Amino acid sequence: MADMVVTENLSRNFSGFRAVDGLSITVEEGDCFGFIGPNGAGKTTTLRMLATILKPTGGRALVGGLNVSTNARKVRRLIGYMPDVFGVYEDMLVHEYLSFFSAAYGIVGKERLRAIEMVLDLTGLHEKRNAGCKALSRGMTQRLSLARVLLHDPKLLLLDEPASGLDPRARIEFKELVLALKKLGKTLIISSHILSELGEMCNSMAIIERSRLIYCGPVEGATRQVSAQGRIVKLMIQPDPEAGRTAADALELVRGLPFVEAVRQGDREKELAVRIKPEFADIWQLNHELVSRGYKVESMAEEVVRLEDVFLQLTKGVVQ
Ligand SMILES: Nc1ncnc2c1ncn2[C@@H]1O[C@H](COP(=O)(O)OP(=O)(O)OP(=O)(O)O)[C@@H](O)[C@H]1O
Ligand SMILES: [Mg+2]
């Protein structure tokens, strides 16, 4: 896959303050790339530089192989940038709004009508074409913002906090929309401070905090980095005290196994939470060891590492 976005030491100063500090990331064509960081981390500043709205003060950024500083016009044709705030065109009707931006993109005549139909289809806004922009709900407004940046059929979408302020249903609909865009072959960069939301949609991500990059790579890579400290397996056993197999016995047995780092009792007496040594891959060995000693294992499941935990772990200690 070709690189869609490459930044090398990308930086931006605002009168001495470094809003983005030496950011080096790669986004491949077709990626759905999560750009994650807390408030003030530098997400919007980075996206604005990629969108050619803001000039980098250090390093460089390439979009589709083109330098955003020296080839801004060409880069703009490749991208659709959806800012985190809606523009001030509230007196227009939805179709007027889209027509206005088509004109701004230089899309004319039949091509304009076709483009507007296409984005109304994609974003499910057909019914609202004659509604006033002002009358739209937050979710609909987000869709309209997205429709606007899709008019010129860009290859790369830069979406700044697109799901913020949406209710759960609108979030699900937004996720579906992102999947549809992925299927069309678009590359997406989506910023958010809500990790779980992006985990399901994105295949790769960058985590930034206080202007600096903390992680860049596959989503699973970040979770693996955290779970490298040892995976947790939760077991439910069926004790049989008469046969000398109590929950406490099971706990002692598990504690003595060579691939077990630590074990503790879970919320219920017959539940065990076992931390497996990082280098040990076959967690089913645990089941085998218990069963071969006569224990009944009711259930066994590896604890899924939550993205929120990954974020907390990765950013730990970096906070100034
Ligand atoms: N035009 C500007 N002038 C001065 N400082 C700025 C400017 N734009 C951004 N900053 C500062 O740069 C830092 C990064 O801001 P940025 O908006 O990129 O963060 P963010 O990650 O998008 O945060 P949020 O989640 O709140 O949207 C902040 O400390 C902000 O105050
Ligand atoms: Mg922002």
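The values are calculated or read from the model by the stated rules, or taken from the named source; none is laboratory data. These figures come from a predicted structure and were not determined experimentally. Every residue, glycine as well, gets a Cβ built from its backbone with ideal geometry; the counts of neighbours run over all protein chains shown.
The residues of the range 86-102 that are at pLDDT 90 or above, out of contact with any Asp or Glu (no Cβ under 9 Å at 6 or more places or on another chain) and among the small types (G, A, S) amount to a single one, S99. Would the range 290-297 turn up any residue that is surrounded by 11 or more Cβ atoms within 10 Å (Cβ to Cβ), under 37 Å from the mean Cα position of the chain (by Cα) and farther than 30 Å from G34 by Cα? Checked the range 290-297: at least one residue is surrounded by 11 or more Cβ atoms within 10 Å (Cβ to Cβ), under 37 Å from the mean Cα position of the chain (by Cα) and farther than 30 Å from G34 by Cα. In the range 34-54, is there at least one residue being at pLDDT 95 or above, loosely packed, with under 15 Cβ neighbours inside 10 Å and among the charged types (D, E, K, R)? The answer is no, given that none of the residues of the range 34-54 is at pLDDT 95 or above, loosely packed, with under 15 Cβ neighbours inside 10 Å and among the charged types (D, E, K, R). In the range 39-53, the condition of being in contact with a His (Cβ under 9 Å, 6 or more places away or on another chain) and more than 20 Å from S24 (Cβ to Cβ) is met by at least one residue. I'm trying to understand the selection: among the residues of the range 236-254, which are closer than 17 Å to M300 by Cβ and out of contact with any Lys or Arg (no Cβ under 9 Å at 6 or more places or on another chain)? Residue satisfying the conditions is V254 alone. Where strands (runs of 3 or more DSSP E) fall entirely within the range 178-225, those with at least 3 residues that are over 18 Å from G40 (Cβ atoms) are at 187-192, 212-218.
Selection of the range 55-85 for residues being within 16 Å of ligand 2 (Cβ to nearest atom) and either touching a Ser or Thr at 6+ places or on another chain (Cβ under 8 Å) or at pLDDT below 95 (or both) yields M82, P83, D84, V85.
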